[in-house]
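What follows is a single structure, written as structure tokens, with notes after it.
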Amino acid sequence: MLLGGHPVDAGRRKDRNLRHARSFARGVWQGSRIAPGRGADIRPGRGCGTISQDGHHDAGDEKARLAALERYGILDTPAEEGFDDVVHLASLLCDTSVALVSFVAGDRQWFKARVGFDPCETPLDQSVCAHALRRPGLLVIPDLREDERTCGNALVTGSPYIRFYAGARLETPDGQALGTLCVIDGTPRPEGLSPAQAEGLERLARQVMAQMELRRISTARERMASEAEEAARRHRQILDGATDYAIITTDLGGLVTEWNAGAVNILGWSTAEMHGRSAEVIFTEEDRAEGIPEREMAAARVKGAGNDERWHLRKDGSRFYARGEMMPLFEANERHVGYLKILRDRTEQRTAEEAAAETKRALAISEERLRLAVRAAGVGIFDYDPVADTLTWDDRVRELFGVGADEEVSYADTFLPALHPDDREPTDRAVRAAFDGDAPEPVIIEYRIHDLHTGEEKWLAARGQAVFRDGKPARFVGTVRDVTTRKRAGLAVRAAEERYRLVTQATNDAIWDWDLVSNHVLWNEALHTTYGYDLSTAEPTGEWWLDHVHPDDRVRVEDDIRATIIGTDTEWSHDYRFRRSDGTYADVFDRGFMVRGPRGEPLRMIGAMLDLTERKRDERRLRALNAMLEERVEESTRERDRIWGASQDLMCVIDTRGVFRAVSPAAMRILGWQPEEMVGATVFDFIHPDDLRPTDGALHLAAEQDLPVFENRYRHKNGDYRWLSWVATPVGDVIYATGRHISAEKAQAEALSQAEEALRQSQKMEAVGQLTGGIAHDFNNLLTGISGSLELLQTRISQGRISEVDKYVNAAQGASRRAAALTHRLLAFSRRQTLDPKPTDVNRLIAGMEELIRRTIGPEIALEVVGTPALWSALVDPSQLENVLLNLCINARDAMPDGGRITIETANKWIDRHVGGARDLEPGQYLSLCVTDTGTGMTPEIAAKVFEPFFTTKPIGQGTGLGLSMIHGFVRQSGGQVRIYSEVGVGTTMCVYLPRHYGPTDVSDPMPDVTSAPRAIQGQTVLVVDDEPTVRMLVTEVLEGLGYTAIEAGDGAAGLTVLRSDARIDLVVTDVGLPGGMNGRQMADAGRILRPGLKVMFITGYAENSVVGNGHLEPGMAVLTKPFAMDELASRVRELIIVA
């Protein structure tokens, strides 16, 4: 039995955390009690593959949130018992193996307390808690694998394969979300959390924030106490110097006669300002109104002293809390001549006392919240001492067992007798087993009891943990909760399933049960008896059923049932023809009912298929007879009514003000409105707000002349909007209009556009994958050249052979430049981007790609480039043309498995009308780019299909069939054409024809000249921040060689410390990726707050637009990518510094 408990000391908690972590790592999730399902959320959520309307924080909100987190000083602090107790309670409350107090920082997710999870932090891209910060409330994701936000998370797709998540936000009093108190499990939970668990989790989250507030207040109090102590020490020194006390003397009327330096220091008025002035000015307006100054002087006269402790005023109007004493002044003859007042500032002490009182109040509130959280969860706590044989139950456990508050309880005499006889022995065995070994797993068990007071049978779920001291069992503590309702519901479900089984056996209808999540269909025996199919061989899927629907009925049946599934309807029915096993068709009426999840997501559909063949045959005979009779009666009106009533398009008559005079029945199908509901209303009652003005213009035009095709959106009766394409003509004072429903076409066009962009990027990345082998080989060669040259350089210098140094320096520099060019080319090639046509020199583009192509095709294939001099330019997207060239060369390589030759050739072409007609080109001037191989070649039949999407002759897994299709689409989009010439056994030539561009081509910017970098002006200083000492040393050497003063820092925090100092800084040169939680961009932004207009140059080894604010740089900022030449660095530094 799992009984109620007491707090666990730190050592036992550490052991329990270790056991949870080990269990988590090997995928053993204790306490899972749910079946898998799709994603769910207390807030509106979604599953994988749906479109979310989630909000997001802007940069300002995120900055404020991170600042709030920083104020608490919680990150990277040691474990604290209060937080550990909360995560253990959350784990027990929600019956999960993992519970975390998680804080989402700017660069990671850090856990203050954790149970069942070993790492103390994870990267942000693995953070589920970050989603909980986006809006208030409890976030529950029943299945992380099915939710779009988390289905790609590495912790979901890989070890430890988490599946369920629930997180309550940790919010500051002003609403800033710092993180979550979350529970996690390895099994999905379609039902999420019970209301009691959800409320308990949120209460515990507030408890965490209360502890953090207490922690912050305590820290502040300690700081203020320390400051007060220091102030007291300083005040003693000041008192010794007669400046810490305000010493004031007045005459009998209260006019100031003396005003010491302490009074000047404390009150702000100078001695000259206060001499002869009333001392009442230092009292507050309220005290003066109550006559406090007069009462003090009266007390001094009568009692010899007047003491007060109250708020006083300074010259600037601010208030301070002071303790004061007033005494009468006497001359030698004891004549009363005035008063002496001494004041001491006690504002800091007063603030500290108020803070201490606030801390005490907050602690009381925190304890009350913890008590309420446990009560709200309905959880009881037990504590069993096997040595002393004592058992302790809290009030909830006593209530569950029917035991009074004052009754004695024990394991043998109370707990065991209360157990159901069938559960007594296994439960006792489970408890005894908990004491085997020195680090057992938690005991999780369910059992029945009989209430000792009423005799009522109950189901309880218990969870307990053995505690050991010196290797011996000392305690067994845990929680217990009532699960009677859940157990009874499970029994009811099993009974219902048995009744369903009996019903399906007793009917001739083909009853089916379709699991929409797994696409698994169950049929009863009627599928065999009525339609002839063997249940053991019929494929249990929705596709099998649909394949047996008559071809003429299949589309409408599929469309109808799919609309029901993805919509909100709960019932579906349809008439159609179903193929029997002998090939004949039966007329059936099929009806199904939807089973949906808590968010309306489709889970199952259950229905029955009734054979109506005989009835349908009789109905067809009757309809034929009725049709013959009605044909004779309605012959005169049929043609007119057919056009109006049967049209799939919306037909209407409106006046020039837009009022509907008549509406065809298609309105109901397209817009959900009955025609009579629309008649009398205006078109503007249905138009989308964004389309009102264009529609008004179209109405005025249609009143005067035929309206060309016009599109707008009409509101459906369910609130959605549908796209309609209108044509109209005026006749007299009315307008006849026809609207075609084009919502599907609009959606298809948008989906097609997105698919084309995705396919284009997919093809590019497929090409990038082809490069990796050759690139790795090249980089090894380049690194060998660099390292070898440096070693020989060191050797020759040590030998004194200085004359040979230049040779090795030039070799190392050449290898490094080739490596830099290769990385820049790869980054530029793999970057995803939209088409950006530019005037392009194709010969130059081929020259830039030649080295990359050679590495891709391998050494066994020879490459020859034949570029026509004075080649015309073309207006194309250079990166896409590079992709075209590389894919053509890869295809050519694949056609020559035993080696061969690839020839790349360019030429200027004049295309006349005859040649243009043969090549599907307009007559004119073109340039051609041809790739020829000596491979296997293709037959005419295959060559005719190569540009079709997904057509490929390569083995499965070696090609997508999209490459040539994407090339053809890009070239046609650029105004050109692709032609193939191939002969089996000889080879293939692929020619791309692009229209000539008559403007100038783009020319790359020249590299900076090293001689153009002037020396620094005296005193100019550069701060160099890089975590790599070698890079930092080289940059510093170059700068100091040019006369700059260089200051070095190894990370962002050190760099920011320099920027906070008074040192002169003309420019910051910083790496983007820095350790310590602050990257280069963050340091630069913080530095610009301290030093507005600060010049910054980022140096990085990544692509320029992917690391520094997505390429958005403020004025006075620049980027230099690694590796770079030192002379280029010098020139860029000088350029930035001299910019006004």
Karplus-derived 3J(HN,Hα), 6.51/-1.76/1.60, for each residue of the stretch 405-410, Hz, glycine and proline x: 5, 9, 6, 6, 10, 8
Of 954/1122; 63/838; 63/1095; 1095/1122; 63/112; 112/458, those spanning more than 28 Å from alpha-carbon to alpha-carbon: 954/1122; 63/838; 112/458
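Would you please calculate the Kirkwood hydrodynamic radius of the stretch 862-927 over all C-alpha pairs and express it in Å, rounded to one decimal?
Numbers: mean 1/r = 0.0710 Å⁻¹.
So the Kirkwood estimate lands at 14.1 Å.
Loop only per DSSP, at most 15 neighbouring Cβ atoms within 10 Å: give me the trypsin sites (Lys or Arg not before Pro) in the stretch 857-916, ordered by residue number. If you can, show how the numbers build up before the last one.
Working: sites: 893, 901, 909, 913; in loops: none.
Nothing satisfies the criteria.
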Reach of residue 472 by Cα under 19 Å, taken over lysines that are not fewer than 8 positions away in the same chain: 14
Eligible lysines near residue 303 by straight Cα distance, threshold 29 Å, same-chain separation 8 or greater: 341
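Given a Förster radius of 45 Å and the C-beta distance between residue 796 and residue 67 as r, what FRET efficiency does 1/(1 + (r/R0)^6) yield to the nearest 0.05?
Details: r = 57 Å, r/R0 = 1.26.
FRET efficiency, residue 796 to residue 67: 0.20.
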Furthest towards positive pole of dipole, 662, 703, 716, structure part the stretch 645-741, Cβ charges: 716
Cβ crowding within 10 Å averaged over residues, with 211-223, 554-566 ranked highest first: 211-223, 554-566
Binned Cα-Cα distances of the stretch 96-225, short to long, each 5 Å bin given as a whole percent: 2, 11, 20, 24, 19, 12, 6, 3, 2, 1, 0
Reachable lysines, given that their alpha-carbon falls under 29 Å from the alpha-carbon of residue 717 and they are not under 8 places away in the same chain: 746
Calculated from backbone phi, Karplus (6.51, -1.76, 1.60) coupling profile of the stretch 281-296 in Hz, x at Gly/Pro: 5, 7, 8, 6, 4, 5, 5, 5, 5, 8, x, 4, x, 5, 5, 5
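If the only charges are +1 at each Lys and Arg Cβ and -1 at each Asp and Glu Cβ, what is the size of the charge dipole of the stretch 241-345 around the Cα centre, to the nearest 20 debye?
On the way: 13 positive and 18 negative charges, 15 e Å.
Around 80 debye, computed over the stretch 241-345.
None of the figures in this text is laboratory data; all of them are computed from the coordinates on show. Quantities reported herein were computed from a predicted structural model and do not represent experimental measurements. Backbone-built Cβ (ideal geometry, glycine too); neighbour counts: all protein chains shown.
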